[in-house]
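Notes for the one structure printed next.
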Amino acid sequence: MQQLQAKVTGPWGVILAGLLLLPAGLRAQGKPVPKTAPEELGLFPKPPECEPRRFRRDWLAPATAFNKHRTPVQRAQTAIDCIVYEVRYPSEGKFNRLANNHHKTLEWMLLYVGAEENARALDPGTLRRAVATLPAGEARDVVLILCGLGGAAEMRGPLSAYLTDLSRPGLLRGHAAEALGRLQSPQSIDLLFQVALTDPAWEERTTPHPRTGATIPIASYPVRWHALQALRAYERDNLLPERVKARLDEIRTSGPRPAEE
């Protein structure tokens, strides 16, 4: 017994002890203990108890292992898992209202995962099945938008309905407009133009006065901005009617907030 204890002391003893703690089945197969998608991406596997959860902008960055080492099905499922996780356990920030920061996190997810080169790397069938099987709610809505960003033309109707539903968050509705722009369907032009001109959803921000340095409140209209970018995409592909093209300069995406809003 003393001889055995002598053999396992030192660094080799630590390694042997660690191996003995691994599940027998995994040791036999030589496989690492599997992780859930949130754990793999550095997200909390359960709701935070004390410290607020911080969002990492590079959680699905295109240059990382997310795109390089995974299949399109795995990438799509990871995106879905993380969207569902964010909706279930919304992000918190010390100086932000919970809902406001939560929607910004979902917007960042769509911004990075839905970037054109990334969206093409996602398996469309996996996204479509998630839209069909997820229960109605915000997670399904965000996956629907991601599906549209990936080029699913059959989502044009649901995306149009989401875009025009003023009860939905403006930060997310803007990406629905972006998705309609990617689908390049002429039937969406009039809707996008009307939204770009009149959508009331706005996000307040501030800017310093050029001479006095005093803070000036500015109303930023993300839905109008995304709708305008979508119309510009139609214009680049020569799909925009002249009657719409001539009025693009009328679209106001930021400025002082009107009193009636």
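Within the shell of other residues whose beta carbon sits under 14 angstrom from the beta carbon of Ala136, the net charge comes to -1, with Lys and Arg scored +1 and Asp and Glu -1. For the range 158-240, trypsin sites (Lys or Arg not before Pro) meeting the loop criterion (DSSP other than H, G, I, E, B) and having at most 13 other Cβ atoms within 10 Å: Arg211. What the phi angles of the range 180-193 give under the Karplus curve with 6.51, -1.76 and 1.60, with θ = phi - 60°, is a coupling list of 4, x, 5, 6, 6, 9, x, 5, 8, 5, 4, 5, 4, 5 Hz, glycine and proline written as x. Ranking Leu110, Leu134 by solvent-accessible area of protein heavy atoms (1.4 Å probe, all protein chains present), from largest to smallest, gives Leu134, Leu110. Please report the net charge: other residues with Cβ closer than 13 Å to the Cβ of Leu183, K and R +1, D and E -1. Around Leu183, the surrounding residues sum to -2. The figure for Trp202 is an accessible area of roughly 70 square angstrom, using a 1.4 Å probe on the protein chains alone. Tell me the net charge near Thr164. Cut-off is 14 Å between Cβ atoms, Thr164 excluded, with +1 for each Lys or Arg and -1 for each Asp or Glu. Spelling it out: positives minus negatives among the neighbours equals 0.
The values are calculated or read from the model by the stated rules, or taken from the named source; none is laboratory data. Everything numeric here is computed off the predicted structure, so don't read it as measured data. Positions of Cβ are generated from backbone atoms using ideal geometry, with glycine treated the same way; all protein chains shown enter the neighbour counts. Areas reflect the complete protein model, heavy atoms only, side chains present, ligands, DNA and RNA absent. Shrake-Rupley method; radii C 1.70, N 1.55, O 1.52, S 1.80 Å.
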